[in-house]
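**Q** Below are the structure tokens for one structure; questions will follow.
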Amino acid sequence: MNVPTKLLIIAAATVFASGCNPVLRTHGYVPTAEKPQAVNPATDTKSSVLSRLGNPSVKSTFDEKVEDDVWYYITSVRQRYAYLRPQIEDRTVTAIHFNPDGQVTKVAEYGLKDGVPVNYVDRKTPTRGRELSVLEQIFGTIGRLPTDRLTGANQQTGGGGGAGQGN
């Protein structure tokens with residue numbers, strides 16, 4: 001083998017080998033200097049948590065007057081190999097609970113092992129009427145279309161001839 005052929009084979013092998021490396025992507029909240037787990041229930045409030053961590057990924061959806069307002073900081077890492085479906089590598093959900101005065105009452109951390117898989121139900125809502133075959137759908141409109149819309153008859157055109165020209 002000559003040198004250019006060897007280099008071509010080495011380059012092709014390198015390209016194929018690099019396609020087998022996983023690509024990791026982080027989604028959601030990405031902590032910078034401080035992690036949400038560092039929040040101290042004894043001293044922290046909503047304003048101190050907001051200034052140190054920034055906006056949460058999700059806030060509890062109920063009225064602010066509830067006894068337990070919760071902010072969630074969610075981080076997820078997905079791993080993907082070439083064309084395969086991505087797999088969740090790691091997930092961290094940090095829930096910070098506040099009392100009505102805005103004081104932190106509890107910090108809870110949940111991981112991937114705490115998640116519960118949800119099975120989606122693949123049901124369809126029935127529709128009224130009957131199902132049409134492909135041929136009925138294709139040929140079902142023949143004879144029902146108004147021919148004046150297809151040919152342009154009885155339509156006035158702008159500019160040029162017509163009433164009001166003084167002919």
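Values in this text are rule-based calculations from the coordinates and carry no lab data. A quick note: this is a predicted structure, and the numbers were derived from the prediction, not measured. Note that each Cβ is placed from the backbone with ideal geometry, even for glycine, and that neighbours are counted across all protein chains shown.
**Q** Using a basic spin-label model with each label point 7 Å from the Cα along Cα→Cβ, how many nm lie between Val116 and Val23?
**A** 3.4
**Q** Whose amide H sits under 5 Å from the amide H of Asp69, counting only residues 5 or more places off or on another chain, with H placed in the peptide plane?
**A** Hits under the 5 Å cutoff: Phe98.
**Q** OK, next. Just flag the trypsin sites (Lys or Arg not before Pro) in region 35-122 sitting in loop per DSSP whose Cβ has no more than 16 other Cβ atoms within 10 Å.
**A** Those satisfying the criteria are Lys65.
**Q** With each pseudo-label sitting 7 Å past Cα toward Cβ, what's the Leu135-Lys59 distance in nm, one decimal?
**A** In this crude label model, Leu135 to Lys59 measures out at 6.1 nm.
**Q** Cross-link partners among lysines for Lys35, C-alpha distance below 24 Å, same-chain residues fewer than 8 apart left out?
**A** Partners found: Lys46, Lys59, Lys106, Lys113.
**Q** Hey, fewest Cβ within 10 Å first, where do Tyr73, Tyr110, Tyr83, Tyr29 land in order?
**A** Lowest to highest Cβ neighbour count: Tyr83, Tyr110, Tyr29, Tyr73.
**Q** So how do Val107, Val134 line up by other beta-carbon neighbours within 10 Å, fewest first?
**A** Val134, Val107
**Q** Can you pull out the GluC sites (Glu not before Pro) in region 92-138 that DSSP calls coil and that have at most 11 other Cβ atoms within 10 Å?
**A** Here the GluC sites (Glu not before Pro) that fit, given the DSSP loop and packing criteria, are Glu131.
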